[in-house]
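Encoded as structure tokens, the structure appears first; notes follow it.
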């Protein structure tokens, strides 16, 4: 049994002397331990502790670094781990009705997104699971999904504004249904890359010159799949300062694809010879724009100037209901040492150095989204979002 | 040939300066008529032949026959019944347009008949394209030869690497001049197979003996500085070149029975080849060399050696002073009007001129701050950063991939140029066009600062046809102990591309500040013409 001294908000039951008074206001206490729901019988400590530990481990992993710069995980892995953890919560936590479960997940979700705000896949998965719970609840109640989900004007007017649902009814089969639905979600997540790969031959013909930037596992799989049948040339922009494009280029050339590495500065210079630009992204925003690795906006502008189509390969779990308006939360910065190393000497104290990680690409510059459910125009993204997430979950 | 002349004149109404060139071509053609009888038919279809002939004339004109050939064929092909003059309009692929000058003829009548037959056939198949070329009866007269000097453009060797004959010719020429030939390095991206790609680790000087008897040591040192990147930047390279030439002139003695004006020019030729091998000459260097050669050949023959040398040294000194130093002062004076208090100015890389402007503006007590944008692998921005910080200007530093993050803060963009081309395009360090593109998207004004001696008569529309490829190993970087591209040579389908220059279209540039004033990008050919008339 490990002591956890570094997390003042979660204290294992055995060592608990004072309930709830030691909470710091900024860190919400995990409802699993000291919530008011468990006043009568003490739950089996092992399962609870185990679950808490797992959550804490996940949170510290998130804090240490999101995908890319920390322990290297792709977004797909992150999504899978989040969903697996949520399934575990649904299975092992104590809840009696859908409302409780949603409350638990929402609270845990807030902590997770606070740990690493730039990792939006975590938040997306939480919202997906919340939607699953709503659906399962509605199905158990017997009402059809259509009328439940649609917020028609008629309903809004006649219901008097407040939603009648408080999800407090207890259904015995709800737990099993929810877990089964989450399993389905997991299966879907596992198949996303394959689904995207299968569409490669529809979009790439032979003797094309394709341009990409940085490293995206989705695009890598996409191009390798097309290379099995077609011969084409790929130009990779290296994407300083992390130079992930180098790894992408070596990986592609080992698969036999003709690859050229160029510097970021040469993107516009070579764009006139490029037939298509295919990129991956970190997040797809609610307006159809992208939050992608820095340098992508320049690439998109250059492609627009030469009327080259810009194709984004992004699985559905990257779709996030955020808008790009909040300037202070949009950008993420890393150490300026990457840009101007400490070896430069004393001018470091006299200059400002910026090293942003992400770029915003407006939807007007994007031609096509390729996701695991097919291809869409950027103007269709809002519709997909309404199918994936419930509007009340947009703010966790 | 009266008929031919009227035809010429008529055609010149539609294509002004072609006329005098055609006349010249015709004369040359008649001269060579006796020499070559056989090759005419082959040359009509082969592209190489035309270049070979052009190489034989040892003219110093820099690049680009691109502008002339396209202008010629289309009006000529649908020429009506009057037989076109023998020199003009061989109605075959555009690139051969200068070639007719060198064609030997069978007799002129045969040629005309042949051509007429071919044109009838083509007209029958093409149909109604003919009226375009009908010379309009406007009053456009034949232009006076002094204003529209025909430029016989010869494609420089350094953009014809994929042509084995040209490469062989160059090798022979270098052998004659006793200069080692530099070999290409590494896998070249197929789009750039017409350019050289050298490695910095194999400088040309390794193949020279010490002391080199053929090449002056100042030139050897200069060549090494160029190839290793110690002297970089167009102004710095030109100034270094001129100083080296001054040294050469100081150490020069006229051999007996030789004239200084001719012998010195011949002495300089192998030096120029050597420097070209070390690193392809820039447009500014080309203009400087042209100037020096002109000055040398204008030395009267009765001038004594000492006087001549002093005169030449003064000429060079004056050139540097006027074209570079004073020009910088004039440009700074104009630019300061464009810098207002509270400005946030973005600069890219290290341009000596732009740095000078900013330092001057800071001394004149303007309040502004600077954002320096840099790019791999050269990282020249750090040098600019050091100079500006030393002056006390507050600076920010980012890489070029972050430029769309930082651009909303920027009020103006100042860019330097390597050369300004005659069609208004700006040739500069790779990445400049990208910055101009993003600045245009954010509606930030882009100002280019360039001295007039960098104006170039070449034309170019993309960054591929004429560029420089740097050492591809520069792209390799070690991060966190891992070097991804270390063994790139072993992987057959992997190539690294390290471009040096790119061209910015004139619609991205709002203003060009030169020592003659502030002009739009499209006025460059006007300046060139005025300069030529002056000289």
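The numbers here are math on the coordinates, done by the rules we state, and not lab data. For clarity, every value in this text was computed on a predicted model and none was experimentally measured. Cβ sites come from the backbone with ideal geometry, for glycine too, and all protein chains shown count toward neighbours.
Worth pointing out:
- Globularity index of segment B:245-284 is 1.34 (Cα radius of gyration / 2.2 N^0.38 Å, N = number of residues).
- Cα-based Rg and Dmax for segment B:263-374, where Dmax is the largest Cα-Cα distance (Å): 19.7, 61
- Dividing the alpha-carbon radius of gyration of segment B:426-535 by the rule-of-thumb value 2.2 N^0.38 Å gives 1.42.
- Descending by average beta-carbon neighbour count within 10 Å, the peptides A:314-322, A:191-199 line up as A:314-322, A:191-199, the highest first.
- Principal axis analysis of the Cα atoms in segment A:170-210 yields extents of 60, 12, 12 Å, listed in decreasing size.
- Label point distance in nm, residue A:287-residue B:366, each placed 7 Å from Cα along Cα→Cβ: 3.4 nm
- Other protein chain Cβ atoms within 10 Å, averaged over every residue that makes up B:440-452: 1
- Based on the reciprocal of the average 1/r between different C-alpha atoms, the Kirkwood radius for segment A:307-365 equals 15.0 Å.
- Relative counts (whole %) of C-alpha pair distances in segment B:354-438, using bins that are 10 Å wide: 15, 48, 32, 5
- With N counted as the residues of segment B:243-315, its alpha-carbon radius of gyration over 2.2 N^0.38 Å works out to 1.10.
- Peptides ranked, highest mean first, by Cβ atoms within 10 Å: ranges A:249-262, A:335-348: A:249-262, A:335-348
- Average partner coverage of B:428-437, which counts Cβ from other chains inside 10 Å: 5
- Cα-projected label distance for residue B:112 with residue B:522, points at 7 Å along beta-carbon direction, nm: 4.2 nm
- Protection proxy ranking of B:414-421, B:518-525, B:222-229, B:246-253 - average other beta-carbon atoms within 10 Å, highest first: B:414-421, B:222-229, B:518-525, B:246-253
- Binning the alpha carbon pair distances of segment A:291-396 at 10 angstrom intervals from zero yields the distribution 12, 34, 30, 16, 8, 1, expressed in whole percent.
- Using alpha carbons only: equivalent-ellipsoid semi-axes of segment A:86-146, gyration tensor based, whole Å: 23, 14, 8
- Distance from the Cα centroid of segment A:209-266 to that of segment A:336-370 is 21 Å (rounded to whole angstrom).
- Segment A:169-319 has equivalent-ellipsoid semi-axes of 34, 18, 14 Å, by the square roots of 5 times the alpha carbon gyration tensor eigenvalues, sorted largest first.
- Neighbouring partner chain Cβ atoms per residue of A:242-254, average, 10 Å criterion: 5
- Across segment B:369-507, Cα-Cα pairs more than 25 Å apart make up 38 percent of the total.
- Cα-Cα pairs of segment B:205-296 separated by more than 20 Å (percent): 33 percent
- Here segment A:342-392 has an Rg and Dmax of 20.2, 55 Å, counting Cα atoms alone.
- Euclidean distance between Cα centres, segment B:232-297 to segment A:87-129, Å: 75 Å
- Relative contact order of segment B:295-418, defined on C-alpha pairs under 8 angstrom at six or more residues apart (%): 26 percent
- Largest first and in whole Å, the equivalent-ellipsoid semi-axes of segment A:231-331 read 25, 15, 14, each the square root of five times a Cα gyration tensor eigenvalue.
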